[in-house]
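Worksheet: one structure, shown below.
A short reminder: the numbers here are calculations on the coordinates, not readings from a lab. Quick caveat, the model's predicted, so the values are computed rather than measured.
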Amino acid sequence: MFDRILQMLIKEFLELKRDKWARFRLIVPPLIQMLVFGYAATFEVYHVPTVVLDRDHTQESRDLISRFTFSDRFHVVRIAQSDAEVEGAINRSEAALAIVVHADFTQLLRQGQAAPLQVIVDGTNSNTALLSLGYLGEIVAQYSQDYTADLIRRGVAGPNGKLVQVTVEPRPWYNADLNGRWFFVPGVVGSLTLVLVVSLTASAIVREREVGTLEQIMVTPIRPVEYILGKTVPFFLIGLAEVALVALFGTLWFQIPFVGNPLILLLGTCLFLLSSLGLGLLISTLAKTQQQAFAANFFVVNPLFTLSGFSFPITSMPEPLQWLTYLNPLRYFLVVIRATFLKGVGLDALWPDMLGMALLGTGLLTVSILRFRKSLD
């Protein structure tokens, strides 16, 4: 049995050695995609184009506006002189956000009253709008705190006066600077591995069926289980090498810390690869041509990516979709890889995710073997 599996292993690696394009696809595209995703995929927003209309023209209003001018979150593209200019800048997409300081802004502040600040956002990009409002709120809150502190320092208001503030002191754990790349880069490792392993495995059996070598192999003493193992083990080793390559490259290039146990990550990676291989083999047994395998791969991988929690929080999804995510191996692996990279937790916290991947991998491989037997009958 082991001799026949070994021969299948040698056969698969010889095919890979002869296929220069396959070797190129295994190395260069994943590294390029890591760079692109690492820089482009982020929840953070910088240099939001902003237009400002100051009707107050006082030291206080200029101080507030300067905080937006010198913030890397906003880029003041125009100082408007009228409402028409503000509306035109928003309509022409020259600005995504407008700040309007009313004429009584400073007067209300000096009287100890709330001074409203009008903010207009372009809601066509809801994500940018919401994040921009959050950053704007932080700047305005800091301005309010500094202004109140200045009044107290000058004796205008004291501890027993009517200016009372409650301040929030956030203390993020594991990612003190809330760097978005620390969240995305480990997720990119899992997503690229899923796409690569499933696509390679999905075309494995189909390719041999198309060129006619499958029938030749089946007339040998090899059994279906041995054939499946011979197809699985090479891609399993390739997947391990891909995870190591992409993870090492992303960690060194983007300076992502790794504080966990490498053995925990290795165990999680092995279980994830088994699930991915089982899924790819199942597609391969269902498809008749490589075109069908490619279409099925596209149909399956995209929902897995969407329902993994990579970019969209699972808790924000409708409840039926939340239940559906439990059938997604990428959901579990993202938890494992991010937790080992940034938190350094062990099996006591990650065993449910490990168990989920183990059950999915066992089930998918079992169904793939049964489907392969049926396709031969």
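Using the Cα atoms as the points, what is the convex hull volume per residue of the range 264-363 in Å³?
For the range 264-363, the hull spanned by Cα atoms encloses 106 Å³ per residue.
Any chance you could list P(r) for the range 227-316, counting all Cα-Cα pairs in 10 angstrom bins from zero, rounded to whole %?
Bins of 10 Å from zero give 13, 34, 38, 14, 1 percent of pairs.
For the range 358-372, in order, what is each residue's ³J(HN,Hα) by Karplus, 6.51 cos²θ - 1.76 cosθ + 1.60 with θ = phi - 60°, in whole Hz (x at glycine and Pro)?
Values, residue by residue: 5, 5, 5, x, 4, x, 5, 5, 5, 5, 5, 5, 5, 5, 5 Hz.
Quick check: Cα centre of the range 306-356 to Cα centre of the range 233-286, how many Å?
Measuring centre to centre over Cα atoms gives 15 Å.
P(r) for the range 97-140, please, calculated from all Cα pair distances in 5 Å bins and given in %.
So the P(r) values, bin by bin, are 5, 21, 24, 19, 15, 10, 5, 1.
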